[in-house]
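Everything on this sheet refers to the single structure shown next.
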Amino acid sequence: SLLHSVQLHLTIPLEFSDRLLIKGGRIVNDDQSFNADIYMEDGLIKQIGDNLIVPGGVKTIEANGKMVIPGGIDIHTRFQKPYRGTTSLDDFAQGTKSALAGGTTMIVDHVFPVPGSSLMEAYDQWKQWADEKACCDYSLHVDITHWDDTVKQEVDHLVKEKGVNSFQVYMAYEDYCQMTNSELYEIFTFLAERGGIAQIHAENGEIISKEQSRMLQIGITGPEGHVLSRPEELEAEAVFRAVTIASQTNCPLYVTRVMSKSAADIISQARKKGNVVFGEPIAASLGTDGTHYWSKNWAKAAYFVTSPPLSPDPTTPDYLNTLLASGDLSVTGSAHCTFSVAQKAIGKDDFTQIPEGVNGVEERMSLIWDKAVTTGKMDENMFVAVTSTNAAKILNLYPRKGRIAVGSDADLVIWDTDAVRTITAKTHQSAAEYNIFEGMELRGAPQVVICQGKIVLEDGNLHVTSGVGRFIPCSPYPDFAYKRIKARKQLAVLRAVPRGMYDGPVSEFSLSRGGTPSASARTSPTKQPVRNLHQSGFSLAGPPTPEDLPIRPAGRRIVVPPGGRSNITSLS
Amino acid sequence: MSDCRRQWNREDELPVYLAGPISSGPNQRKSYGMFSSVEGAFDSKTIDFDSYAVGRKGSRTPRSRSRERILDSGDPVEKTPGDAREGSQTNSTGEIDGTGTGAEVQFAEEENLPGKDGRLLIKGGRVVNDDQSFYADVFIEDGLIMQVGENLVAPAGVKVIEANGRMIIPGGIDVNTCLMKPYLDTQPVDDFLQGTKAALAGGTTMIIDHVTPQPEGSLLEAFERWQEAADKKACCDYSLHVDIPKWNETVKDELEMLVQDKGVNSFQVFMAYNDLYQMTDSELYAALSFLKELGAVVLVHAENGDLVAKEQRKILGMGITGPEGHPLSHPEELEAEAVFRAITLGNRVNCPVYITKVMSKSAADTIAQARRKGSVVFGEPITASLATDGSHYWSKNWAKAAAYVTSPPLSPDPTTLDHLHTLLACGDLQVVGSSHCAYSTSQKAIGRDDFTLIPEGVNGVEERMGFVWDKAVAMGKMDENQFVAVTSTNAAKIFNLYPRKGRIAAGSDADIVIWDPDSVKTITAKLQQSAAEYNIFEGLECRGGPALVLSQGQIVYEGGKLQVQQGTGRFIPRKPFPDFAYQRVKFRNQVKNSQGVTRGMYDGPVYEVPSMPKYITPSPSAKTSPTSHQPPPIRNLHQSNFSLSGAQIDDNVPRRSGHRIVAPPGGRSNITSLG
C-alpha cells in the first residue's frame, strides 16, 4: 500500500516549496526518540539522519532540539453534520483548519446516512464535501444506521472498493438508528468476515428513552436533564454488552467516545481478559467534566451536550488520562461537532431536542500533553502513540501515517513543550461561539505544522488551502486488530462429540412451543471433541438389578424404537 | 381441606408472633440475652432467659464460646449423655439440677407415639443459627418452637430426642424448584410429592416453587393450579414464585392481586428464551418499576437470549446437534452480560434484583463487583453449579450428557464450583437453590436430534445441603453459621419469611434438622428419592447430611428413613417489602431526587426547525420553568466569576450565512447570550 500511495501522490501537482529540511530536531516516534534531520520532498519523507546530503535551495527549518512528532490523527470528527435541516457549524474547511492549528494533520470523519437511505450515496456526498473543502488528508468511517441485505452489499462494496474499513453502529437512539442485539450480532459477524472494525456508540437506548420521559415528566427540561437521563452506568452496560457480542463473533471492537470511568474500566477489564477492544476517549472527556450541565447559563450548559454525556464526576478526566497512559485506552478523537447557540436553542424547552456535539479537534493534542505528559503520567512516545500512531494502525494506514520514517507521508509537527496558551472562543479556529474548554490554560502546542510536505503553521500563522486534502483509503484486515482475530479463528473450530445414535425411548410430544426446528439434524458428526473427560475411565452407575430401581411414576407414553434399546444410551 | 389451610394462613389471622418483629431492621440483631436474638421473641413465655443471661454477659462473647464447643464435640454420635451434659456444664453457670440424669431415654414416659399431641423436646443439642451457635434444648409444640433454653424440663408424655451435642439447624429452604414446569406436553418426573420427599430427605423443609404460566395464559389461574397441586401433594411447607412470561397491562392487575391477596412477593422475569419469555430492556424497565412499587423481589433469569438464539443456529448449522451444543451456544459471557444489564436496570429503577441460577465465575464476579458498588443484588448458585461442572456435556453417552442440560448451562470450567463456594462463604452470593426440575431420559430424548429441544433441568433438591457442607464447610471455607445463612436464613430474609422460617427461636416454625457433619454417602440414582433415572452427581461422595428432620414439628426423616404424609405441606404466604431487600431501597428513594436548575428563560435566537424528522422523543408537556424550590446544583464552577468569551473578533472566520434565525420580540437578554 505504500507503493500505491507513492504513485497516487505523484499525480498531485508539485509546488516549488515542496522540498523541506528540518535540522536539529529530536524525532519522537511511538517506540523511540532520537536526534536526526529530516528531508522531505514531494510530500514524503525521503531521508532521515545526520548530515544529510540535500539539493541546494531547500527551505530549512531549525528545530533547535525541539520534538518532531508525526502529525496527529483525529480519528473521530463530525464536520458538516446534518441535523434536522441544518448542519453543524464547522464544515470540512473550518474543521480541518482547526485541526491543523492544533497539530492534527489528518482527520477521520463519520459518514452518517439517514436511517433507511443508501450508505453509498451518503459516502459519495461526504467525500464530495471533503474533497471540495478539506485542508488536510482525511478518511471516512461509515455509520450503519439500519441493517438489511442492501446495506450488507453496500458495506461489502465500501470495504472492497471504497477504502472504508470501519463502520459505526449505535446502541442508543431508540426508534432511530439503534440496533438490536441480534442485529449487532449479524453486523459484527459480517464485519469480522470482511476484515472491518466495528465501532460502537455504546449507550443503552431503551433505558435512556424511559429515563428521558421520566425527567421531562418531573419537570426537568434544561441541559441537566441530558446527563440525568443518560447516567454513566448505561454507558458501561452497553460497553459490556458490545464487548460480549464482539467476543462471541470474534470481531475487533472499537468503542467511540469513552466518557466515563466505569465505561473505561469495562474496556480495561475486557482487554485484560484478552478481548480485542479499543477505547477512544475524546478531547472533551479528557479535558473537562459534566458539572457544567448545571450552569445557570442555559447556552453554556447546552454547549456541553453530547452523547454519551460528560460525566459529572470531576475526577473522570484524570482517570481517563491515566488509562490512556497505561495503554488500556488506545486512541483519542474529538467527536468535533459544533452548533451555534441558536441551533442548540432548538431544545430550549426540552433537552432531548438539543443538537448533540462539542468542540475539541483543535485542543485535543495540547490537552493530552498538558493533562498527561506534563503531569508525568505519560511519556512522549506514548503521547505519539495515542494521538497518532495507534489510530494509523487501526485504520491500516501505518506506517504511511503515524510515523516519522523514510517513505512515510510528510505530515509532521514540531512540538513546543513549553508554549502556554489559554483556550478561548475569541481565538479558536472553530466557528462556534463558545469553547467548552474556555479559560483553560494549556501547556504544549505545535510550533510548526507540516502537512503533505508543506508548512501550514509557522509562528502562529496558518496558511491553509481548502481542497488540498486527499481521501486516504483504508484497507481491511489491519494487523493491529486482526492478527489476533485470525489466530483465534483457527483455534475456535467447534466440533461435535461422536456418539452412537440415541435409540432409547422418546417421550411423545407435540411441537406446540415455537422451538427452533432443527435445520438438518445430522446425527453422526466427525472428529474429536474439544474436551472429553469421560471418554474412558468413567463408569456410570452400573447396571442395577430391577428391584433396585426407584419407583417411577407410571402413565407416561414411551415410544420405543423398533430396534430396541442399545447399551450406548441406557443408563441403568 | 386445602382451603382451610389457606384460610389459616391469611395474613390477618396469622399468630401474633409473626405480626411485627421484622419491621425494625437495626434492632433485629440486638441480642437481649444469650439465646434471645429476636427482640421480644420470648415475651410471655414460661422461661425467663434474661435471668440466665445476666450472670454471663461480661465473660466471653457468645461466638467465641461456640467455637470452643466445636472442639469439644469430637464424635457426637458416640458421645454418651454424660459427655453432652458435661459440655453444657461449662456453659451454664451452676444451673445443674437433677433433670440431666434421665435424659438418655428416648421417651420421657411410657408413651411411644411420636409426638401424639405434637410435643417434642430436643435435648442436648447445639443450636446453630446464622449469627451464633449455643447449647440449648428445644421444646416444640403444635408445630412451633415454644422454648429454647438450657435444661428444659419435659412435661410428662413428651417425646424426647437426645441430640448428644450434635448440630441443630433450621431446616433448609430451597428457593428454586420447578416441580410442575411444563415442557411441550410433558411434566417433570418429580411432582410436588416426589420433589418434597427428596427435599426432606436432604434436610430441606421448605421449598419455593416457580409457577410458570403459558405466555398467553393468566398468572392467577396458573398460580391457583400450582397451589392446588401442591396442597394435595406437598409433604413440606412451600411457597410460590410466579414467572412473568409476557409484559402487558393485564399482567399488571394480576401481579397486584398476587401480591396483595395471594401472598406472593417474588416474580421471575426472563432475559433469555427469545420469542418466548424474553423481555426487552424497555419491558424490563417497566416491569422492574412496577414490581418495585409493589415491594416485590424481582428474580432474573440472566442470559442474553438474542445472542443465544444466534449461537444456537450457528452451532446447529455446523452440524453439532448433541448436548455439547448446549454449552457451546450458551457461553458464560452471555450470562455475565445479562447479569450486568439486569443490575444496571435494577440500579436505574432502584429495585432489588435477584439473579437466579448463578452458573459461572464471570456471572458471580459481576454480582460481587456490583455489590461492592452498592447495588442491591442477590445471587443464587444452585446445587449443580456448586457440585459439578459442564465437562459432562461432552460425554459419549448421550443420555448422560443430556441429563446435565439446564440454562444457563454448567460451566465447562472445572474450577467454577470452587470459586462459587468461595463467594458463597464470603457473602457475595447469598442463597443456594437447586432449580430441581427432573426429566426422564425419554423426555430428554425429545431433543436427541437437536439439542435446543432437550428439556432443561437438573436434579439437586436432595443433595443441596449436603454438597454445601461437603464443599464449603468441610473444606474450611465456610463456618457452620454461614452454612445456615446460605441454606436457609438468607432465603427466609429475602423472601420475608424470617423469623418464622430460617431460625431456631421461640415462636418460629418447628422445621428443624439435626445435622450430622460426619455421615458420608455416595450419591447414586439407586438411592435417591427423585424419580429421575440419572443423578447428575452420580458417584460423588458427600460428607454431611441430616440425621433427623422435623417438619412442622413432626419427625419426617430419621436414620435414613422417610415418614412423610402427602398433602401436609402448607402454603406460606409472604408479605411484600422484605426489609432485607427493601430497607436500603426505601432510603435511596428518599435521597434520590433529581431536580432541575432554575434559569432565566432562554430568550436568545432559536434556529427554526423546518420539518418534523424522526428521532425526537415528543415532549409530553414541555414546562419551561421547573419547580419552585431549588437546591443548589451538585457543583457549579461557573455560577460566578466566569466571563464568557465576549464578542467574537475573529475576522477571517467565515460565519455561515443563510440560517434563518428567529429573534424573539423582546430581543436577547444577557442571561443567555454568549457573544
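The values are calculated or read from the model by the stated rules, or taken from the named source; none is laboratory data. None of the values given here were measured: they were computed from a predicted structure. Every residue, glycine among them, receives a Cβ derived from its backbone with ideal geometry; neighbour counts consider all protein chains shown.
Within the stretch A:115-128, is even one residue surrounded by fewer than 24 Cβ atoms within 10 Å (Cβ to Cβ), within 13 Å of chain B (Cβ to nearest Cβ), assigned to a strand (DSSP E or B) and at pLDDT below 95? No, there is no match, as no residue in the stretch A:115-128 is surrounded by fewer than 24 Cβ atoms within 10 Å (Cβ to Cβ), within 13 Å of chain B (Cβ to nearest Cβ), assigned to a strand (DSSP E or B) and at pLDDT below 95.
Among the residues of the stretch A:173-184, is any over 20 Å from the mean Cα position of the chain (by Cα) and small (Gly, Ala, Ser)? The answer is yes; a qualifying residue exists.
Each residue in the stretch A:390-417 was checked for being more than 17 Å from residue A:77 (Cα to Cα) and not in a strand (DSSP E or B), and 16 of them qualify. Looking only at residues of the stretch A:155-186 that are farther than 23 Å from residue A:397 by Cβ and charged (D, E, K, R), we find that the one that is surrounded by the fewest Cβ atoms within 10 Å (Cβ to Cβ) is A:175. Answer yes or no: is there a residue in the stretch B:328-337 that is in a loop (DSSP other than H, G, I, E, B), facing chain A (nearest Cβ under 9 Å) and not charged (D, E, K, R). Yes, the conditions are met somewhere in the stretch B:328-337. The criterion of being at pLDDT below 95 and over 29 Å from residue A:71 (Cα atoms) does not hold for residue A:156. Residue under question is residue A:368, and the condition is that it be crowded, with 24+ Cβ neighbours inside 10 Å and more than 25 Å from residue A:303 (Cβ to Cβ); does it hold? For residue A:368, the condition - crowded, with 24+ Cβ neighbours inside 10 Å and more than 25 Å from residue A:303 (Cβ to Cβ) - is not met. Across the stretch B:377-389, a minimum of one residue is classified as out of contact with any helix residue (DSSP H, G or I) (no Cβ under 6 Å at 6 or more places or on another chain), at pLDDT 95 or above, acidic (Asp, Glu) and within 17 Å of residue B:336 (Cα to Cα). Taking the criterion of being out of contact with any Cys (no Cβ under 9 Å at 6 or more places or on another chain), more than 27 Å from residue B:308 (Cβ to Cβ), surrounded by fewer than 24 Cβ atoms within 10 Å (Cβ to Cβ) and within 14 Å of another protein chain (Cβ to nearest Cβ), would at least one residue in the stretch A:200-207 satisfy it? Within the stretch A:200-207, not a single residue is out of contact with any Cys (no Cβ under 9 Å at 6 or more places or on another chain), more than 27 Å from residue B:308 (Cβ to Cβ), surrounded by fewer than 24 Cβ atoms within 10 Å (Cβ to Cβ) and within 14 Å of another protein chain (Cβ to nearest Cβ). One residue stands out in the stretch A:342-373 among those that are facing another protein chain (nearest Cβ under 9 Å), in a loop (DSSP other than H, G, I, E, B) and touching a Phe, Trp or Tyr at 6+ places or on another chain (Cβ under 8 Å): the one that is farthest from residue A:390 (Cα to Cα), namely A:348. The residues on offer are A:88, A:98, and the sole one that is at pLDDT below 95 and buried (at least 20 other Cβ atoms within 10 Å of the Cβ) is A:88. Of all the residues in the stretch A:376-407, those that are farther than 26 Å from residue A:52 by Cα and among the aliphatic types (A, V, I, L, M) number 9. Among the residues in the stretch A:351-361, are any closer than 18 Å to residue A:74 by Cα and among the charged types (D, E, K, R)? Within the stretch A:351-361 (the criterion being closer than 18 Å to residue A:74 by Cα and among the charged types (D, E, K, R)), the answer is no, since none of the residues qualifies.
Just one residue in the set A:189, A:145, A:150 is under 30 Å from residue A:211 (Cα atoms), surrounded by fewer than 24 Cβ atoms within 10 Å (Cβ to Cβ) and polar (S, T, N, Q); that residue is A:145. Residue A:137 meets the stated requirement of being more than 14 Å from chain B (Cβ to nearest Cβ), surrounded by 19 or more Cβ atoms within 10 Å (Cβ to Cβ), closer than 30 Å to residue A:415 by Cβ and among the charged types (D, E, K, R).
Of all residues in the stretch A:47-96, those satisfying the criterion of being under 28 Å from residue A:279 (Cβ atoms), more than 14 Å from every other protein chain (Cβ to nearest Cβ) and not in a strand (DSSP E or B) are A:71, A:78. Hey, any hits in the stretch B:423-431 for a residue that's modelled with pLDDT of 95 or more, among the β-branched types (Val, Ile, Thr) and touching a Ser or Thr at 6+ places or on another chain (Cβ under 7 Å)? Checking the stretch B:423-431: not a single residue is modelled with pLDDT of 95 or more, among the β-branched types (Val, Ile, Thr) and touching a Ser or Thr at 6+ places or on another chain (Cβ under 7 Å).
Within the stretch A:418-470, the set of residues being crowded, with 22+ Cβ neighbours inside 10 Å, at positive phi and assigned to a loop (DSSP other than H, G, I, E, B) comprises A:452, A:453. Among the candidates B:607, B:615, the residue that is of a type in the set (Phe, Trp, Tyr) and modelled with pLDDT under 85 is uniquely B:615.
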